[in-house]
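For reference, the structure is listed below as structure tokens.
The values are calculated or read from the model by the stated rules, or taken from the named source; none is laboratory data. This one's a predicted model, so the numbers in the text were calculated from it and none came from an experiment. Every residue, glycine among them, receives a Cβ derived from its backbone with ideal geometry; neighbour counts consider all protein chains shown.
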Amino acid sequence: MSDQPHVERVVTEQPAVVRREEVPLERGGNAGWWIAALIAVVAVIALMFIINGNSSSDLQAARDTGRSEAMIDNATAQSQAAAVNASQAATNAASSMAGATQAAANSASSAAERAAANTQAAAANASDAAQDAADTAPAPAQ
């Protein structure tokens with residue numbers, strides 16, 4: 001159906017003095033407009049269903065993706081914190097071990113020095129005791 005109304009011209013010839021031209025317009029009614037409006041309403045409703053149907057699943061997928069990314073970021077941050085803590089613990093352990101080794105070496109050195117001094121004193125005492133024993137011992141019989 002065309003958008004232009006159907007036009008039919010009728011020319012009636014009358015005496016030469018008056019000439020009249022009539023253009024009757026035929027109107028087809030409003031049925032075409034009603035059908036077009038109904039089709040537009042159905043299209044809008046169908047479009048809303050399509051958008052809402054996909055939108056729900058798209059939103060859920062976006063939520064799941066965001067949740068996964070947040071979990072990965074959280075795990076990354078926790079692993080980095082654990083690595084820093086482990087590094088600090090290893091540094092502290094090495095420092096403690098070095099300190100303990102140094103303290104043990106110092107203690108062993110002091111103990112060795114004391115033992116050497118005690119040995120020297122004991123040797124001196126033994127030497128003095130041997131000398132005293134030799135001085136006080138009776139002469140051997142001949």
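So is Ala103 at pLDDT 90 or above and either of a type outside the set (S, T, N, Q) or more than 26 Å from the chain's Cα centre (by Cα) (or both) or not?
The answer is no for Ala103.
What residue, of Thr136, Thr101, Thr76, is free of Cβ contacts under 8 Å to residues at least 24 places away in the same chain, exposed (fewer than 10 other Cβ atoms within 10 Å of the Cβ) and of a type in the set (Val, Ile, Thr)?
Thr136 is the lone residue from the list that is free of Cβ contacts under 8 Å to residues at least 24 places away in the same chain, exposed (fewer than 10 other Cβ atoms within 10 Å of the Cβ) and of a type in the set (Val, Ile, Thr).
Hey, among Thr76, Thr65, Thr91, Thr12, which residue is of a type in the set (S, T, N, Q) and at pLDDT below 90?
That would be Thr12, the only listed residue that is of a type in the set (S, T, N, Q) and at pLDDT below 90.
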